[in-house]
Amino acid sequence: MSKNPYRWLDESLTTIHRANWYRTVKTIDGFPGAVVSLDGQQVVNFASNDYLGLAGDARLIAAATEAIQAFGTGSTGSRLLSGHRQLHRDLESAIALLKQTDDAIAFSSGYLANIGTICAIVGQRDLILSDAYNHSSLKNGAILSGAKIIEYPHTDMEALQTQLQQHRSDYRRCLIVTDSVFSMDGDLCPLPDILDLAESFDCMALVDEAHATGVLGSNGAGCVEHFGCRGRQIIQMGTLSKAVASLGGYVAGSSALIDFLRNRAPSWIYTTALSPGDTAAALAAIKIIQTEPEQRQQLWQNINYLKQLLHQYQQTLPVLPSASPIICIQLPNPNTALQLSQYLATAGFFAPAIRPPTVPTSRIRISLMATHTKIHLESLIATLQNYEKRLN
Ligand SMILES: *Cc1c(COP(=O)(O)O)cnc(C)c1O
């Protein structure tokens, strides 16, 4: 009998199909923006992380093009070997300036930043306390580190305190990890409380600002700035791929932390440096975020306006608590979420259904951009109104 060690793949795929968990990609054509061409249809895009609309900004495009013309397309090596350029250092200085930290280090993605940082700073003798809704990169970084992991219920500070009281003293180092803006819900972590607990129990705290950088805080520095927690001892991590509209990730913090990561973070040491084009685009975006609050103000006007419009449907289409551009309409089950998403798609709105197992409860996830117009938001609401009428 001939054996096929790969046959399980087809069987697994069949199971995935049966459970309705099968995922496919959709093709976006042309320029990124508030309106895009999706599988050939013009849609208003409520699924982008490009919060400030910078991914199509002429200044970022010019910066990337100039960098490619001057330095080529690839960085040709890891930072510690042949890949390091002044451009990387300039980007790291700009991030440190935005975050008001001693220093910063740029990784090739946010995912790699989380994995490498967590693995570098904790190990088998240590404890990680992790919010149950944390991003996959925080969860997998924790697993890879070999530390003992305890999840606390989403944003539950009493539970976190109890866990610290019960377990902290059994471990050498302790790290509390949390998203600052939760990516599938849009709510914020209670950062000041987390930092108070970290201080009381001699713990490090890593906060993932992926969806907050460029969005929250009066200078766009993120939740740490929003909550007035600058100057406290925090490991601030983020991505260059959302509001920063490029590719890459970073960690900002004390000189000792950043110096240590340059020596010990495997996903920084053993991977190729960011490409010149990506680096230059990110640098241009950080400068725009710092000097031009207009896009951020426009984004917040859109957030407040949409929330106000959605308020009238609170009975039938309740909105999850949110303090960010991520606004979720809660639905009773995966099928109704898929139905509404499909209804919106037919009407020309791209807003995905997010279902278990990604999240505990089904929802439509709307992410707003500074470049959405009032008409985009009002027509989305009109379509929801029609959908709601069909329900009654
Ligand atoms: C997107 C995201 C990341 C990963 O960042 P990439 O640069 O896309 O790899 C990490 N954490 C959170 C919370 C995110 O939403």
Write down the percent of antiparallel bridges among all DSSP beta bridges whose residues are both part of the stretch 131-246, to the nearest 5. 10
Any idea which of 383, 52, 282 is furthest toward the positive side of the dipole for the chain, if Lys and Arg beta-carbons carry +1 and Asp and Glu beta-carbons -1? 383
Taking every other residue with Cβ under 15 Å from the Cβ of residue 269 and scoring Lys and Arg +1, Asp and Glu -1, one gets +2
With the contact rule set at Cα under 8 Å and sequence spacing of 6 or more, what percent relative contact order holds for the stretch 274-392? 26
Compare 245, 323, 104 in a GNM of the chain, Cα atoms joined below 10 Å, and give the one with the largest fluctuation. 323
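Report for the chain the percent antiparallel among DSSP-assigned beta bridges with both residues inside it, nearest 5. Could you put the intermediate results ahead of the total?
Working: 25 of 44 bridges.
Close to 55 percent.
Assign one of three labels to the stretch 305-392, namely rounded, prolate or oblate, based on the Cα gyration tensor with a ≥ b ≥ c the square roots of its eigenvalues; rounded applies when a/c is under 1.5, prolate when it is not and a/b is larger than b/c, and oblate otherwise. Intermediate results must be reported in sequence, preceding the final value.
On the way: a/c = 1.41, a/b = 1.19, b/c = 1.18.
It comes out rounded by the Cα gyration axes.
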Other residues with Cβ under 11 Å from the Cβ of residue 295 give, with Lys and Arg +1 and Asp and Glu -1, a net charge of -3
How high is the relative contact order of the stretch 212-356, in percent, with contacts defined as C-alpha pairs under 8 Å that are six or more residues apart? 16
Quick one: putting +1 on the C-beta of Lys and Arg, -1 on the C-beta of Asp and Glu, what dipole do you get for the chain around its Cα centre, in Debye to the nearest 20? 780
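With each run of n ≥ 4 DSSP H residues scored as -39500 (n - 2.57), what mean residue ellipticity at 222 nm is computed for the chain after dividing by its residue count and rounding to the nearest 500 deg cm²/dmol?
Details: 14 runs with 165 residues, N = 392.
After summing the helix terms and dividing by residue count, I get -13000 deg cm²/dmol.
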What shape does the chain take by its C-alpha gyration tensor, where a ≥ b ≥ c are the square roots of the eigenvalues and a/c under 1.5 counts as rounded, a/b above b/c as prolate, and the rest as oblate? rounded
Calculate what fraction, in whole %, of the accessible area of the stretch 16-72 sits on carbon and sulfur atoms when a 1.4 Å probe is rolled over the protein chains. 55
Among 323, 212, 81, pick out the residue whose Cα is farthest towards the positive end of the charge dipole of the chain, where Lys and Arg carry +1 and Asp and Glu carry -1 on C-beta, about the Cα centre. 81
In debye, nearest 20, what is the charge dipole magnitude of the stretch 217-347 about its Cα centre with +1 on Lys and Arg Cβ and -1 on Asp and Glu Cβ, if you could check? 220
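Could you compute the net charge surrounding residue 167? Neighbours are other residues with a C-beta less than 14 Å from the C-beta of residue 167; K and R count +1, D and E count -1.
On the way: positive: 125, 148, 168, 172, 173; negative: 126, 151, 170, 202.
That sum, taken over residues with Cβ under 14 Å, equals +1.
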Which cysteines does the chain leave without a neighbouring Cys Cβ under 4.7 Å? 119, 189, 223, 229, 328
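Could you check how much of the accessible area of the stretch 270-392 is carbon and sulfur, as a whole percent, using a 1.4 Å probe?
On the way: 2920 of 5470 Å².
Here it works out to 53 percent.
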Send over a whole-number figure in Å² for the accessible area per residue of the stretch 107-150, probe 1.4 Å. 34
Which value, in Å² rounded to 10, gives the accessible area of residue 168 with a 1.4 Å probe and all protein chains present? 30
Estimated dipole of the stretch 1-40 in Debye, rounded to 20 [Cβ of Lys and Arg +1, of Asp and Glu -1, Cα centre]: 220
Which of these, 326, 381, 258, has the largest mean-square fluctuation under a Gaussian network model of the chain (Cα springs below 10 Å)? 381
Selected from 244, 35, 207 as most flexible by GNM, with the chain as the system and alpha-carbon contacts under 10 Å: 35
Could you provide, to the nearest whole Å², the per residue accessible area of the stretch 313-392 with probe 1.4 Å? 44
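Pull up the DSSP beta bridges for the stretch 178-259 and report the antiparallel fraction as a percent, rounded to 5.
Numbers: 5 of 10 bridges.
DSSP beta bridges in the stretch 178-259 are roughly 50 percent antiparallel.
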By the mean-Cβ-within-10 Å protection proxy, highest first, 76-85, 146-155, 21-30 rank as 146-155, 76-85, 21-30
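The values are calculated or read from the model by the stated rules, or taken from the named source; none is laboratory data. The structure displayed is predicted, hence computed values, not measured ones. No Cβ is skipped: glycine too gets one built from the backbone with ideal geometry, and neighbour counts run over all protein chains shown. All accessible areas refer to the heavy atoms of the entire protein, side chains included, with ligands and DNA or RNA removed. Shrake-Rupley method; radii C 1.70, N 1.55, O 1.52, S 1.80 Å.
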